[in-house]
1. From the square roots a ≥ b ≥ c of the eigenvalues of the alpha-carbon gyration tensor of the stretch 6-124, which class results: rounded (a/c under 1.5), prolate (a/b over b/c), or oblate?
2. Please determine, in degrees from 0 to 90 and to the nearest 10, the orientation of helix 220-231 with respect to the longest principal axis defined by the Cα atoms of the chain, where the helix direction is its Cα long axis.
3. If the chain between Asn177 and Ala128 were fully stretched, how many nm would it gain, using 0.36 nm times the residue separation less the Cα-Cα distance?
4. Enumerate the lysines that Lys159 could reach by cross-link, defined here as Cα to Cα under 18 Å, with residues fewer than 8 away along the same chain left out.
5. Quick check: convex hull of the Cα atoms in the stretch 165-214, volume per residue, rounded to a whole Å³?
6. Which of Ala42, Ala286, Ala218 ends up with the largest GNM mean-square fluctuation for the chain, with Cα atoms connected below 10 Å?
7. Mind giving me the nanometre distance, one decimal, between the label points for Ile113 and Tyr164, set 7 Å out from Cα along Cα→Cβ?
8. Given 0.36 nm per residue, what is the gain on full extension from Glu2 to Ile66 after removing their alpha carbon distance, in nm?
Amino acid sequence: MEKLKSIWLNGEIIPWDKAQVHVMTHSLHYGYAAFEGIRCYAQTGGGAAIYRLNDHLDRLFDTAHILQLEIPYQSEALVKACCQLVRDNDLLDGCYLRPLVYMGEGEMGIAAIDNRIEVGIMAWRWGAYLGEEGQSKGIRTMVSSYRRSRSDSLPAKGKITGQYVGSILAKREAMRNGFQEAILLDAQGYAAEGTGENLFMVKDGRVRTPGIGQAILAGITRDTAIRLLKDDGITVEESQISRDELYCADEIFLTGTAAEITPVRELDHRTIGAGSCGDITAKLQATFRKETRGELPRSRELLTPV
């Protein structure tokens with residue numbers, strides 16, 4: 001990662017190297033924190049803008065509410081902080097933003113409730129999460145031996161730091177077996193999501209994705225993909241998807257802020273469709289790119305200029 005000039009921490013822009021936490025920070029020990037991943041894009045017409053910033057911050061506040069962490073700032077203050085951070089670090093060519101809400105040092109028991117709530121926002125340049133070649137040609141994936149936690153075990157609709165331990169284990173397992181990404185099944189054995197992405201499949205021109213009632217994150221890029229597909233006249237069904245249905249798909253793609261729209265060309269050593277980026281996936285990628293770069297009529301309401 002390229003070290004940049006500054007980070008926003010607890011209401012102040014401070015030098016990158018000064019953004020430190022104490023080793024007794026509660027969330028460091030227990031994974032009890034809320035976070036977001038947000039992208040800022042260079043705009044075709046000039047300047048830069050953050051995509052769906054308010055939606056991401058709404059989800060950050062929802063995650064904090066699930067965790068009973070009271071964020072000591074209004075959403076408007078975090079909007080200004082994100083924009084300021086992009087400008088201060090000269091990231092008008094595009095970047096990734098990471099807000100983090102966590103419990104600081106103080107009481108160390110699991111049930112600590114009086115520790116100060118800390119808020120940081122970081123930004124850095126981050127290209128295609130699963131690689132430029134992966135976005136154009138598709139990635140190789142495997143079904144992980146690790147399952148997505150049930151919603152009555154860990155709240156699936158929150159972006160909670162500790163929840164991603166399962167994703168880390170699944171991702172490492174996949175990479176050590178020569179794959180680029182893992183697909184996690186839910187407790188019932190149906191497809192849930194990738195380690196940091198939502199999952200879609202295409203069969204006979206129809207698109208399916210696991211339902212929002214399953215143990216999946218309510219992805220913002222997932223929501224965008226569903227809307228863009230429907231606007232293009234493509235049926236999108238939210239339903240349970242079995243592992244063997246994925247094997248027989250014409251196309252599979254993953255969505256996420258970091259991954260954007262990434263096609264899957266192989267799953268468990270089985271070629272998916274033609275073994276390349278499918279037509280529906282490619283068209284969705286192109287439309288998504290136009291929207292995030294401010295080229296579509298609706299873009300203005302979804303982009304926050306910095």
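What follows is calculated from the coordinates using simple rules that are stated; it is not laboratory data. A quick note: this is a predicted structure, and the numbers were derived from the prediction, not measured. Using ideal geometry, Cβ is built from the backbone for each residue, glycine included, and neighbour counts are taken over all protein chains shown.
1. Details: a/c = 2.66, a/b = 1.77, b/c = 1.51.
Prolate, since a/c reaches 1.5 and a/b exceeds b/c.
2. With both axes taken from Cα atoms, the answer is about 40 degrees.
3. On the way: separation 49, 0.36 × 49 = 17.64 nm, distance 2.15 nm.
Taking Asn177 through Ala128 to full extension adds about 15.5 nm, to one decimal.
4. Lys171
5. Values: hull volume 5.1 nm³, N = 50.
With only Cα atoms used, the stretch 165-214 gives 101 Å³ per residue.
6. Of the options given, Ala286 has the highest mean-square fluctuation.
7. In this crude label model, Ile113 to Tyr164 measures out at 2.8 nm.
8. Details: separation 64, 0.36 × 64 = 23.04 nm, distance 3.30 nm.
Full-extension gain reported as 19.7 nm.
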